Amino acid sequence: MRAVVFEEVGEIMSVQEIDRPEPDPDGVVIETEACGICRSDWHAWQGDWEWVGVSPTPGLVFGHEPVGTIIAVGDEVETLSVGDRVCVPFNLSDGTCRHCKRGRSNICERMVPLGFVPFQPGAFAEEFPVRNADHNVVKLPAGVDPVDVAGLGCRFATAFHGLVHRVDVTPGDWVAVHGCGGVGLSAVHIANALGANVIAVDLTDEKLEKAEELGADETINVTEVDDVAVAVKKHTPSNRGVEVSVDALGIAETCRNSVRSLCKGGQNLQIGLTTSEEEGEVSLPVDSIVMEEREFIGSFGMPPHEYEEIFSMMERGKIDPGKIVSETVTLEEVPGIIASMNEYETVGIPVCTEF
């Protein structure tokens with residue numbers, strides 16, 4: 001079958017013929033209908049995240065935001081069948097550790113990232129396998145367009161879990177989103193759906209215009225202000241700052257700006273992971289965090305049982321992940337799009353639909 005194959009860090013990937021997967025006894029094989037192209041793919045391709053154990057090896061197939069149809073089922077699988085249309089979170093869990101048993105399988109002690117390790121290939125391919133399928137694979141509601149939900153494996157789901165389950169967003173709160181890539185635009189859309197007043201922050205007018213379409217009440221182009229945090233606070237009552245600030249990029253500058261944008265008692269939601277420049281370490285204004293009782297909260301992916309909340313809100317027209325999708329492309333175009341993310345020019349979520 002055809003797949004996009006990684007060879008070495010920074011080298012443009014290519015479409016190659018590889019063997020078709022077979023399901024593990026507890027797994028399934030899924031025929032790919034759509035797969036989002038994520039900045040996390042770019043990070044791995046660049047060689048980032050070695051400090052957290054992500055080191056892609058030659059022959060790896062990337063792709064971790066898939067939607068498709070099950071075509072093969074292992075003997076031990078109980079809840080899934082051939083023909084089921086499904087999506088899959090990128091952080092696959094075993095369902096048995098203490099975190100899984102507490103409903104937090106997204107931080108499973110034996111978590112396996114889809115499309116980042118050689119023993120769990122991803123979905124930039126005609127087909128891909130999923131381990132422990134009864135726990136990890138999520139059935140789609142009838143009538144859902146696979147393109148619309150291609151971000152549910154990572155970006156949209158990560159933003160949803162963070163804003164709904166990790167921080168306290170209530171109607172009327174002010175929420176700032178720093179970085180309007182795919183996950184940032186998802187956060188803008190979700191925060192708006194939750195009734196918040198949303199401030200979108202980026203350095204590209206095109207992304208800020210998209211943020212306005214998705215519900216941003218105010219926008220800030222960082223190239224036009226001297227101090228981002230001060231500019232954010234000017235949009236809030238009495239210049240107090242925002243109740244929730246989201247760092248959706250992960251570089252040192254956005255992380256610090258996000259924390260500094262908070263009001264007293266505010267919460268920083270850290271979604272963005274760092275690059276090789278930071279290597280996971282960012283200095284923060286600790287004294288103000290302490291003296292103003294601010295909170296710094298991480299959010300990583302989403303456990304499968306929370307997908308029902310997204311589907312319910314979609315059904316009622318409260319959120320529409322498809323609004324974040326910017327374009328559909330072929331498998332041959334995937335390597336070039338990943339490489340182009342060097343320039344931060346991607347607006348929204350590009351989705352591969354032709355395999």
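Considering only the other residues whose Cβ falls under 12 Å of the Cβ of Glu31, what net charge follows from Lys and Arg at +1 and Asp and Glu at -1?
Once positives and negatives cancel, what remains is -2.
As an exercise, use a Förster radius of 35 Å and the Cβ-Cβ distance of Thr223 and Arg2 to find the FRET efficiency, rounded to the nearest 0.05.
After rounding to 0.05, the efficiency reads 0.25.
Straight-line reach only, C-alpha to C-alpha below 28 angstrom: list the lysines that Lys101 could link to, leaving out same-chain residues fewer than 8 apart.
Lys139
At 0.36 nm per residue, minus the direct Cα-Cα distance, what do Val54 and Ile71 gain on full extension? Give it in nm, one decimal, please. Mind showing how you got there, number by number?
Details: separation 17, 0.36 × 17 = 6.12 nm, distance 2.91 nm.
Contour length minus Cα-Cα distance gives 3.2 nm.
Take the Cα atoms of segment 1-46, build their convex hull, and give its volume per residue in Å³.
Cα-based convex hull of segment 1-46, divided per residue, equals 110 Å³.
Ranking His161, His99 by Cβ neighbours within 10 Å, fewest first, what do you get?
Going from least to most buried by this count: His99, His161.
Around Met13, under 10 Å between beta carbons, what's the net of Lys plus Arg minus Asp minus Glu among the other residues?
-4
How do Leu152, Leu273 line up, fewest other C-beta atoms within 10 Å first?
Least to most surrounded, the residues fall as Leu273, Leu152.
Give the calculated FRET efficiency between Arg110 and Glu345 to the nearest 0.05, with a Förster radius of 35 Å applied to their Cβ-Cβ distance.
The pair Arg110/Glu345 has a calculated efficiency of 0.40.
Considering all alpha-carbon pairs of the chain, what whole percent are spaced by more than 36 angstrom?
Beyond 36 Å sits 17 percent of the P(r) for the chain.
Please rank Phe160, Phe355, Phe119, fewest neighbouring Cβ atoms within 10 Å first, as an exposure proxy.
Arranged by neighbour count, lowest to highest, Phe160, Phe355, Phe119 become Phe119, Phe355, Phe160.
Looking only at Cα atoms, what is the convex hull volume of segment 157-298 per residue, in Å³?
About 98 Å³ per residue, rounded to a whole number.
Of Thr275, Leu114, Ile199, whose Cα points farthest to the positive end of the dipole of the chain (charges on the beta-carbon: +1 Lys, Arg; -1 Asp, Glu; origin at the Cα centre)?
Checking the options against the dipole of the chain, the answer is Ile199.
Quick one: which residues, 5 or more positions from Thr328 or on another chain, have an amide H under 5 Å from its amide H? H modelled 1.01 Å from N in the peptide plane, none for Pro or chain starts.
Val351
Report the antiparallel proportion of the DSSP beta bridges in the chain as a percent, rounded to a multiple of 5.
Just about 50 percent of them are antiparallel.
Please compare each pair in Lys210/Lys323; Lys207/Lys264; Lys233/Lys318 to a cut-off of 21 Å on the Cα-Cα distance and tell me which ones are over it. If you can, show how the numbers build up before the last one.
On the way: Lys210/Lys323 10 Å; Lys207/Lys264 29 Å; Lys233/Lys318 28 Å.
Too far apart for the 21 Å limit: Lys207/Lys264; Lys233/Lys318.
What dipole magnitude, in Debye to the nearest 20, does the chain give about its Cα centre under +1 on Lys/Arg Cβ and -1 on Asp/Glu Cβ?
In total the dipole reaches around 1240 debye.
To the nearest whole percent, what portion of all C-alpha pairs in segment 102-184 is separated by more than 21 angstrom?
Numbers: 1531 of 3403 pairs.
Roughly 45 percent, once rounded to a whole number.
Using θ = phi - 60° and the Karplus relation 6.51 cos²θ - 1.76 cosθ + 1.60, list the HN-Hα couplings for segment 40-47 in order, rounded to whole Hz, with x at every Gly or Pro.
5, 4, 4, 4, 5, 4, 6, x
Which value, in debye to the nearest 20, describes the size of the charge dipole of segment 157-298 about its Cα centre when Lys and Arg Cβ atoms bear +1, Asp and Glu Cβ atoms bear -1, and nothing else is charged?
So the dipole magnitude of segment 157-298 works out to roughly 400 debye.
Full-extension gain between Glu11 and Ser312, please, as 0.36 nm times their residue separation minus the C-alpha to C-alpha distance. Present the calculation step by step, with values, prior to reporting the outcome.
Working: separation 301, 0.36 × 301 = 108.36 nm, distance 4.14 nm.
So the extension gain works out to 104.2 nm.
All of the numbers you see were taken from the coordinates with simple rules; none came from a lab. It should be emphasised that the depicted structure is a prediction, and the values quoted were computed from it without experimental measurement. Cβ sites come from the backbone with ideal geometry, for glycine too, and all protein chains shown count toward neighbours.
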